[in-house]
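Notes to accompany the following structure.
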Amino acid sequence: MDCRVTQKELLPGVFQWTDRMGMHMTLLVGEKRALLIDTGYGFDDLRQAAARATALPLAVLCTHGHHDHACGNFQFGSVLLFPADFAVCETYAGGWRERVWGQAVDKKIDLSDWNKEDFIHAGCGRCAPLAEGDIALGGLTARVLSAPGHTPGSAVVYVPERKLLVTGDDWNLTTWLFFPEAEGMAVFRASFDRMLSLDFDFALCSHAEGLYPRQALLDFRAGIAQDPLRAGSVPAPGMWEGKRVMQCHPALGQTFCYDFDKLPPEERT
Ligand SMILES: [Zn+2]
């Protein structure tokens, strides 16, 4: 297993990693400890990537259990995850590995450092229960908050010293709320409001490079309120077999796809 992770320091002690599949992870390096947020598709040697950045003890947490965030969990002794996503992690990071291999082949990713069977059977690692609260890294704090929406056990991480919010998949330039395990719109909006109650200036998401200003999330939230959502949505067929997925553009350059049947009853008429 090679390490083809690239790294950019976006703020002091805040590194954005990109794995060979183009998936992003976040490494926070304090004075005493480091914290890796998400483990990507798992094709790259993440321990080697961490060793390049820091010699400090490393803890690992997953924002949620989807395959593109947790397939690298097997490389660590244990990975923190909210228990509400343990089953999600088994399904996607454990059960979808052959599909993930196929996605990499389709993208023409060089997998010559891998044996296919080894990857498929690597499993989803051992999950340890994550709890809300502060993880002190020394001069840098990872404040973990529960933000159910994209999945029931989704977490976001707030770094007060850098006024930074790491959103996982609860906010991206394209935000998805239609997987079978996704929460309903009311729960998602409540989580989003909780995120916005934090004093952050920048957001780091999983599927785009670099920092985004707080205003991008404020615009998104305004665009998914009941009336603009209803006015701006069109069906997005083919996103998920058997689901009525809708799509809208809550703000310039942003897309939101959601499950129509998980709208509050009064919005489904
Ligand atoms: Zn996800």
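Sort 38, 44 so that the residue with the fewest other Cβ atoms within 10 Å of its own Cβ comes first and the one with the most comes last.
Exposure proxy ranking, most exposed first: 44, 38.
For segment 139-198 and segment 24-85, what is the separation of their C-alpha centers, rounded to whole Å?
18
Note the full-extension length gain between residue 121 and residue 106 as 0.36 nm times their separation in residues minus their Cα-Cα distance, in nm to one decimal.
Value of the extension gain: 3.4 nm.
I'd like the Karplus ³J(HN,Hα) series for segment 54-63: coefficients 6.51, -1.76, 1.60, θ = phi - 60°, whole numbers in Hz, and an x wherever there's a Gly or Pro.
Along segment 54-63, the couplings run 7, 9, 6, x, 10, 9, 10, 9, 10, 5 Hz.
If you take the Cα Rg of segment 59-105 and divide it by 2.2 N^0.38 Å, with N the number of residues, what do you get?
1.09
Kindly put 140, 196 in sequence by how many other C-beta atoms sit within 10 Å of each C-beta, fewest to most.
196, 140
Kindly provide log₁₀ I(q)/I(0) values, in the same order as q = 0.09, 0.10, 0.16, 0.17 Å⁻¹, from the Debye equation applied to equal alpha-carbon scatterers of segment 6-264.
With no solvent term, the Cα-only Debye profile gives -0.38, -0.47, -1.23, -1.37.
So how do 224, 109, 37, 120 line up by other beta-carbon neighbours within 10 Å, fewest first?
120, 109, 224, 37
Can you list the lysines whose alpha carbon sits under 29 Å from that of residue 32, skipping same-chain ones fewer than 8 residues off?
List returned: 8, 163.
Can you list residues from other chains, or at least 5 along the same chain, whose modelled amide H is less than 5 Å from the amide H of residue 244?
It is 260, 261, by chain and number.
Provide, for q = 0.11, 0.18 Å⁻¹, the log10 of I(q)/I(0) from a solvent-free Debye sum over equal Cα point scatterers in segment 30-133.
-0.33, -0.83
So what's the convex hull volume per residue for the Cα atoms of segment 114-165, in Å³?
Per-residue hull volume (Cα only) is 148 Å³.
Under 5 Å between amide H atoms, partner at least 5 residues away or on a different chain: which partners does residue 127 have, H built in plane at 1.01 Å?
79
Give the calculated FRET efficiency between residue 199 and residue 267 to the nearest 0.05, with a Förster radius of 30 Å applied to their Cβ-Cβ distance.
0.45
For a Förster distance of 45 Å, can you work out the FRET efficiency between the beta-carbons of residue 174 and residue 78, rounded to the nearest 0.05?
Approximately 0.90, to the nearest 0.05.
Starting at the first residue of segment 38-47, write each ³J(HN,Hα) from the Karplus equation 6.51 cos²θ - 1.76 cosθ + 1.60 with θ = phi - 60°, in whole Hz, x for Gly and Pro.
Karplus values, whole Hz, x for Gly and Pro: 6, 10, x, 7, x, 7, 9, 6, 7, 5.
Subtract the Cα-Cα distance of residue 227 and residue 47 from 0.36 nm times their separation in residues, and report this length gain in nm to one decimal.
Residue separation times 0.36 nm, minus the Cα-Cα distance, leaves 60.1 nm.
Give me the one-decimal nm value for the distance between modelled label points at residue 240 and residue 4, 7 Å along each residue's Cα-to-Cβ direction.
Taking the simple label geometry, residue 240 and residue 4 are separated by 3.0 nm.
In whole Hz, what ³J(HN,Hα) sequence does segment 127-144 give by Karplus (6.51, -1.76, 1.60; θ = phi - 60°), x for Gly and Pro?
Ordered by residue, 3J(HN,Hα) equals 8, 10, x, 7, 10, 5, x, 8, 10, 7, 9, x, x, 8, 10, 9, 8, 8 Hz.
None of the figures in this text is laboratory data; all of them are computed from the coordinates on show. Since we're looking at a predicted model, the values are computed, not measured. Heads up, the Cβs are rebuilt from the backbone with ideal geometry, glycines too, and the neighbour counts pull from every protein chain shown.
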